[in-house]
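Below you'll find the structure, written out as C-alpha cells, and then a few comments.
The values are calculated or read from the model by the stated rules, or taken from the named source; none is laboratory data. Fair warning: this is a prediction, and the values are worked out from it, not measured in the lab. Note that we place each Cβ from the backbone using ideal geometry, even for glycine, and neighbour counts take in every protein chain shown.
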Amino acid sequence: MSAFAPTERAVARWENEGGAVVHALRDQFPGVLDWHYLDTAATAQKPQVVLDAMMRAGGADYATVHRGVYARSANMTLAYEAARRRVAEFIGGREDEIVFVRGATEAINLVAQCYPKKGRVLLSQLEHHSNIVPWQLAGWQVDVCPLTADGKIDLDAAEAMLTPEHKMVSFAHISNVLGSVLDVRRAADMAHKVGAKLLVDGCQAVPRLGVNFVSLDADFYVFSGHKLYGPTGIGVLCGRKELLDVMPPYQGGGSMIDRVTFAKTTYAPAPTRFEAGTPAIVEVMGLRAAIDYVDAIGIDAIHAHETELVRQTREALRSINSITLHGPEDAAGIVSFSMEGVHPHDIGTILDEEGVAIRAGHHCAQPLMEHLGVPATARASFGIYNDESDVAALVRGLERVKRIFG
C-alpha cells in the first residue's frame, strides 16, 4: 500500500498542479526515468506498484489456481477470481462475461474461430492486422468500410454497406495509428439492425477512455493488459454471456472441462470453457494492480491530460512545414505524421539519439498505410507519465532531422 500512496497524494493535486503530478507519477515508472518515452500505444511502461504485485504473486503468494486444496492455492484462487470481478467492474461487464486470454489478438481469434454463425464481417480501413487476419483465417468473407476525410471510420458508409448477410462488425474503438475515436453506440445500433454482432477492439481505448460494456451495447469487447500499464501475456475478452454460452471451446485441455472420457468430453460453462490449461496467474494479478492504479488517478483525468499533449504536439508540428499530420484534430493520445523526403525509420533513429522513443513503420496497419499513400508513418503516443518536456524533446529532435535532411 505504501508504494501506492504517492499516486494518491498526486491525484489530489492533479487539477491545480498538473506538471508536478506528472513528475510524481513519472517517478513511479522505472522504465521512463531520464527517457522521453512516446510509444505507449505500442506498450505502456509499468508502475512500480504493478511490478511489486507481480513479484508477490510470483513469489511469496504463488500457487496454482482452481486445483489445489491447500490454503495457499485456495487463497490464490480467490485472488484470481477477485481479479476477474475487478476487470468486470472496470469495464462495466459481468464476472461471467470476462474471459482471460493472452491478449486482444487471441480474443479476436477466439471469436472469429468460435462464433457459430460465420458469414460476412465488416471491417474498416484503419484496422490493426490483428483485426483483419483472424477473420480471414477463420473463413469469414471480409468487407471493408472506408474512412472519412479526417481519418475516422465512415459510419454513414458502413450503414449503407450492411446487409443481413453480415454476421459481424469488428471495429477499433480508437485507431492505433490515427487516434480517431469510434462512436461505438451508433456502430452497435447499425450492426444490430441487420442482425449482426459488434466486436470492438478496445486496446487503445481502455487506457484512456471510460468504457462501459453495457452502455456501449457491444457484443464483444477486447483489450490487452500491457496497453493498460499492466503486464504482457494477459488480455480480456468481454462477451455477452448468451453468446459465449453457444460458442464451442477455442482450445482443449485442463480446467475447461466438465467430464472427460475417451468416448466423449463435456465442457465447463463460459467463461471457464475458454481458459484451457494453467492460466497466466502472475499476469492476472499484475492486471488487477494496473486497473487499481489507473482507477486511482481517474480515466477522465488521464484522457484530459493526453488530449492536451496531443493538442500541443499537433500545434508544434504544424510549425514545421515539411511535416504532414495524419488523423483528426481530436485524436486520442496519438499523433502520427510524415516528414517530406525522410523515411520514418530515419526519423526514429535520429530521435533515439536524442533520447526520444517513437514508433516508426506501418504499425501493423498496412491497408491504412496504402489508404494514406505512404509506406509508413512516425507515431508519437502518450501516457500518464508524459508532459510538456516530452513534446519539447520531440520537436527539438524533429528540427534536427530537418537540418540533417534539409
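Residue under question is P249, and the condition is that it be under 16 Å from the mean Cα position of the chain (by Cα) and touching a residue at least 60 places away in the same chain (Cβ under 8 Å); does it hold?
For P249, the condition - under 16 Å from the mean Cα position of the chain (by Cα) and touching a residue at least 60 places away in the same chain (Cβ under 8 Å) - is not met.
From the list A218, A270, which one is in contact with a helix residue (DSSP H, G or I) (Cβ under 8 Å, 6 or more places away or on another chain), touching a residue at least 12 places away in the same chain (Cβ under 8 Å) and under 18 Å from I174 (Cβ atoms)?
The unique qualifying residue is A218.
Is it fair to say A205 is aliphatic (A, V, I, L, M) and either within 18 Å of the chain's Cα centre (by Cα) or part of a loop (DSSP other than H, G, I, E, B) (or both)?
Judged against the criteria, A205 is a match.
Restricting to the range 280-322, and then to whatever is touching a Phe, Trp or Tyr at 6+ places or on another chain (Cβ under 8 Å), of a type in the set (G, A, S) and surrounded by fewer than 23 Cβ atoms within 10 Å (Cβ to Cβ), can you tell me which residue is modelled with the highest pLDDT?
Only one residue fits best here, namely A280.
Could you say whether any residue in the range 190-209 is within 30 Å of A53 (Cα to Cα), out of contact with any Leu (no Cβ under 9 Å at 6 or more places or on another chain) and surrounded by fewer than 24 Cβ atoms within 10 Å (Cβ to Cβ)?
Scanning the range 190-209 turns up at least one residue that is within 30 Å of A53 (Cα to Cα), out of contact with any Leu (no Cβ under 9 Å at 6 or more places or on another chain) and surrounded by fewer than 24 Cβ atoms within 10 Å (Cβ to Cβ).
Which ones in the range 150-170 are in a loop (DSSP other than H, G, I, E, B) and either under 20 Å from M369 (Cα atoms) or among the aromatic types (F, W, Y) (or both)?
D150, G151, K152, D154
Could you list, in sequence order, all residues of the range 90-117 that are hydrophobic (A, V, I, L, M, F, W, C) and surrounded by fewer than 21 Cβ atoms within 10 Å (Cβ to Cβ)?
C114
Against the condition outside the structural domain of A149 (by TED's automatic domain parsing) and not in a helix (DSSP H, G or I), how does L325 come out, does it pass?
yes
Has the range 171-183 got at least one residue that is of a type in the set (F, W, Y), buried (at least 24 other Cβ atoms within 10 Å of the Cβ) and assigned to a strand (DSSP E or B)?
Within the range 171-183 (the criterion being of a type in the set (F, W, Y), buried (at least 24 other Cβ atoms within 10 Å of the Cβ) and assigned to a strand (DSSP E or B)), the answer is yes, since at least one residue qualifies.
So, of the residues in the range 371-398 that are assigned to a helix (DSSP H, G or I) and in contact with a strand residue (DSSP E or B) (Cβ under 8 Å, 6 or more places away or on another chain), which turns out to be nearest to K46 (Cα to Cα)?
By that ranking, first place goes to D390.
Regarding the range 27-37, can at least one residue be identified that is touching a helix residue (DSSP H, G or I) at 6+ places or on another chain (Cβ under 6 Å) and within 30 Å of S255 (Cβ to Cβ)?
No: zero hits.
Which condition number does A304 fail, the rest of (1) in contact (Cβ under 8 Å) with a residue 12 or more places away in the chain; (2) in a helix (DSSP H, G or I); (3) under 24 Å from V181 (Cβ atoms) being met?
Of (1) in contact (Cβ under 8 Å) with a residue 12 or more places away in the chain; (2) in a helix (DSSP H, G or I); (3) under 24 Å from V181 (Cβ atoms), only one is false for A304: (1).
Look through the range 323-378, keep the residues that are under 20 Å from the mean Cα position of the chain (by Cα) and among the charged types (D, E, K, R), and return whichever of them is surrounded by the most Cβ atoms within 10 Å (Cβ to Cβ).
Ranking the qualifying residues of the range 323-378, first place goes to R359.
I want to confirm something. Restricting to the range 224-260 and keeping residues that are modelled with pLDDT of 95 or more and of a type in the set (S, T, Y), which single residue is surrounded by the fewest Cβ atoms within 10 Å (Cβ to Cβ)?
Out of the qualifying residues, it is T232.
Could you say whether any residue in the range 52-70 is among the hydroxyl-bearing types (S, T, Y) and crowded, with 19+ Cβ neighbours inside 10 Å?
no
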